[in-house]
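S.K.: Please see the structure below; I have some questions.
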Amino acid sequence: DGSGGGDLSIGSPPLETAIAVPVTTKFYWETKLMDIKVGGRSLFAEIGWHDPNVHKAQVMFDTGTSVFTMPFDAYTTVHKMAGCDGKGGITYVLGDGREVHINNWFQQMGESCTPLVMDLDIRDQNLFILGQPFFDEHITTFDAGRNVIWISPKNK
């Protein structure tokens with residue numbers, strides 16, 4: 001209804017627009033992450049991650065996280081890559097090559113703005129977390145029976 005509140009739906013995801021993303025870590029809603037693009041530019045290339053089989057990045061879908069999180073090197077680089085206007089948004093390239101795009105990932109503060117990203121280093125893991133900015137723009141269904149996450153853009 002445009003009020004900005006959340007929704008709870010019981011039943012099937014909107015399959016006509018949904019993609020099914022395989023879960024790689026059961027009960028943590030993680031999947032393989034191949035890259036992140038900021039304004040069309042590869043974040044992983046910027047930090048020297050040229051082989052996804054070496055860096056083995058994972059992305060977790062977490063409804064309880066208010067921002068995006070990422071390892072420190074990625075965090076500092078994404079701040080340098082992002083323009084305050086957020087043009088081009090941010091795109092997460094998942095393990096099967098499909099892309100999930102988020103337009104609104106900045107917080108406006110007077111004349112300036114900042115990306116809704118914080119650093120989170122977890123020892124020996126390249127873990128990224130998709131938090132609230134993702135859920136503001138996408139419908140997700142966590143399907144434990146099939147071990148997949150269904151993702152569909154919200155209707156504007």
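The values are calculated or read from the model by the stated rules, or taken from the named source; none is laboratory data. Quick caveat: nothing in here was measured; it's all calculated off a predicted structure. Positions of Cβ are generated from backbone atoms using ideal geometry, with glycine treated the same way; all protein chains shown enter the neighbour counts. Protein only, heavy atoms only, side chains kept; ligands, DNA and RNA dropped before computing areas. Shrake-Rupley method; radii C 1.70, N 1.55, O 1.52, S 1.80 Å.
S.K.: Can you name the condition, by its number, that Ser112 falls short on among (1) of a type in the set (S, T, N, Q); (2) touching a Phe, Trp or Tyr at 6+ places or on another chain (Cβ under 7 Å); (3) surrounded by fewer than 18 Cβ atoms within 10 Å (Cβ to Cβ)?
M.R.: Failing condition for Ser112: (2).
S.K.: Considering only region 115-133, state which residues are assigned to a strand (DSSP E or B) and either surrounded by 14 or more Cβ atoms within 10 Å (Cβ to Cβ) or modelled with pLDDT of 90 or more (or both).
M.R.: At the first step, the residues of region 115-133 found to be assigned to a strand (DSSP E or B) are 115, 117-119, 122, 125, 127-130.
The answer is Pro115, Val117, Met118, Asp119, Leu127, Phe128, Ile129, Leu130.
Okay, residues lined up against (1) out of contact with any helix residue (DSSP H, G or I) (no Cβ under 9 Å at 6 or more places or on another chain); (2) within 26 Å of Phe27 (Cβ to Cβ); (3) not acidic (Asp, Glu):
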{"position": "Asp51", "(1), (2), (3)": "yes, no, no"}
{"position": "Ser66", "(1), (2), (3)": "no, yes, yes"}
{"position": "Thr91", "(1), (2), (3)": "yes, no, yes"}
{"position": "Gly97", "(1), (2), (3)": "yes, yes, yes"}
{"position": "Asp124", "(1), (2), (3)": "yes, yes, no"}
{"position": "Gly145", "(1), (2), (3)": "yes, yes, yes"}
{"position": "Asn155", "(1), (2), (3)": "yes, no, yes"}
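S.K.: Then there's this: I'd like the full set of residues that are open to solvent by 60 Å² or more (accessible area, probe 1.4 Å), more than 16 Å from Leu94 (Cβ to Cβ) and either without any contact (Cβ under 8 Å) to a residue 24 or more places away in the chain or aromatic (Phe, Trp, Tyr) (or both), limited to region 46-63.
M.R.: Filtering region 46-63 for residues open to solvent by 60 Å² or more (accessible area, probe 1.4 Å) gives 46, 50-51, 53-54, 56, 63.
Remaining after also requiring more than 16 Å from Leu94 (Cβ to Cβ): 46, 50-51, 54, 63.
Selection gives His50, Asp51, Val54.
S.K.: Next question, about the same structure. Pull up region 16-33, narrow it to residues that are in a strand (DSSP E or B) and closer than 15 Å to Ala144 by Cα, then point me to the one that is most open to solvent (accessible area, probe 1.4 Å).
M.R.: Keep residues of region 16-33 that are in a strand (DSSP E or B), which gives 19-22, 25, 30-33.
Subset that is closer than 15 Å to Ala144 by Cα: 20-22, 25, 30-31.
Working: Ala20: 30, Val21: 3, Pro22: 69, Thr25: 46, Glu30: 17, Thr31: 3 Å².
Among those that are in a strand (DSSP E or B) and closer than 15 Å to Ala144 by Cα, it is Pro22.
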